[in-house]
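Below is one structure; the comments refer to it alone.
What follows is calculated from the coordinates using simple rules that are stated; it is not laboratory data. Bear in mind that the values here come from a model prediction, so they are computed numbers and not experimental data.
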Amino acid sequence: LEDQLRHAQKMEAIGTLAGGIAHDFNNILGAIMGYAELSLLDAQEGKTSPEKLRNILTSSKRARDLVRQILTFSRKLTPDMRPLRPREVILHALELLRPAIPRMVEIRCRLADDLPLIAGDVTQLEQVLINLASNASDAMPDGGVLTIKAAARQLSPQEAAELALRPGLHVVIAVSDTGHGMDKQTMEQIFDPFFTTKEVGKGTGLGLATAFGVIKAHAGAITCQSEPGRGTVFTLYLPAAEPSR
Ligand code: ADP
């Protein structure tokens, strides 16, 4: 719970934009200024320095992408809640995602027929599923199986307490992969904004931070289990809109 509190505070800081970007953005600006100064020196000596200029361009693009990501991220913090059929949300997210998944990745989908309605923001929830599934796909560069399961579950008071949820009926959605998995140290940081193990340009480290924020705003929970070399499961818990079926 302390962890979650720490996290919530962090999310708030990012949400207000100002604090969050400063660090990353400063580093990028530092690089741009450094290369600009160096190429100015070159210019004063009558030399041209295309490589330094290229570095300036690359860093500027990174800064632009960062700002873009953060704008989407902060805009998405106020959800537009409506009653939703989880099945439709999942199937639509999959449809959007499918073109981006390589052929070597097999997609399996097991959705229970008796899923209750949930209250949610369809765009945000789809974004969460897309983030999870594209991470799963990224974790399987040599192919594997991406499975999305959804079922309704009545959480016991104890289970609910462990997840900081209210007891009662929940839709439980699991996104799993047979990919490279994560070690403990990585797992402790995955929900932190800007944490990424992907190469520059490939990852922003905002996918899971966004997922965490969105699921919290839906009064739900997100958990992760992973085993290096075997795969990863992300589980979403979303409260049913109706108290009983
Ligand atoms: P990004 O995908 O931009 O790196 P995320 O916040 O979505 O940012 O993910 C953060 C990190 O969590 C990833 O860089 C990766 O190390 C790890 N990760 C997320 N999902 C998985 C997964 N399914 N399998 C292995 N590692 C994962």
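Residues whose amide H comes within less than 5 Å of that of residue 155, counting only those at least five positions distant or on another chain, are 168, 169, 170 (H built at 1.01 Å from N in the peptide plane).
Computed with the Debye formula from one identical point scatterer per Cα of segment 160-245, without solvent, the log10 of I(q)/I(0) at q = 0.12, 0.14, 0.25 Å⁻¹ comes to -0.42, -0.56, -1.30.
Normalising the average separation of contacting C-alpha pairs (under 8 angstrom, six or more residues apart) by the number of residues puts the relative contact order of segment 148-245 at 33 percent.
For segment 221-231, the Karplus equation 6.51 cos²θ - 1.76 cosθ + 1.60, evaluated at θ = phi - 60°, returns couplings of 9, 10, 10, 9, 10, 8, 9, x, x, 10, x Hz by residue, with Gly and Pro reported as x. Computed over the alpha-carbon atoms, segment 106-173 gives an Rg to Rh ratio of 1.03, Rh here being the Kirkwood radius from the mean inverse distance.
Using a/c under 1.5 as the rounded threshold, could you call segment 103-227 rounded, prolate or oblate? The axes a ≥ b ≥ c are square roots of the C-alpha gyration tensor eigenvalues, and prolate needs a/b larger than b/c, oblate otherwise. Intermediate values should be presented prior to the final figure.
On the way: a/c = 1.76, a/b = 1.39, b/c = 1.26.
Prolate is the answer for segment 103-227, as a/c is 1.5 or above and a/b outweighs b/c.
Across segment 174-190, coupling constants 3J(HN,Hα) worked out from phi with the 6.51/-1.76/1.60 Karplus curve, θ = phi - 60°, read 10, 10, 10, 9, 10, x, 6, x, 9, 7, 4, 4, 5, 4, 5, 10, 4 Hz, and Gly and Pro carry x. Please label the shape of segment 62-175 as rounded, prolate or oblate, based on the square roots a ≥ b ≥ c of the eigenvalues of the alpha-carbon gyration tensor (a/c under 1.5 means rounded; beyond that, a/b larger than b/c means prolate, else oblate). Because a/c hits 1.5 or more and a/b fails to exceed b/c, segment 62-175 counts as oblate.
Near residue 144, the amide H atoms lying under 5 Å from its own belong to 105, 106; only residues 5 or more places off or on other chains count, and H is placed 1.01 Å from N.
Measuring against 31 Å, Cα to Cα, the residue pairs 149/216; 149/198; 52/202; 52/198; 47/198 contain 47/198 as the ones spanning a longer distance. In sequence order, segment 148-159 has phi-based couplings of 10, 10, 9, 8, 8, 9, 7, 7, 6, x, 5, 4 Hz under the Karplus curve 6.51 cos²θ - 1.76 cosθ + 1.60, θ = phi - 60°, and Gly or Pro positions carry x.
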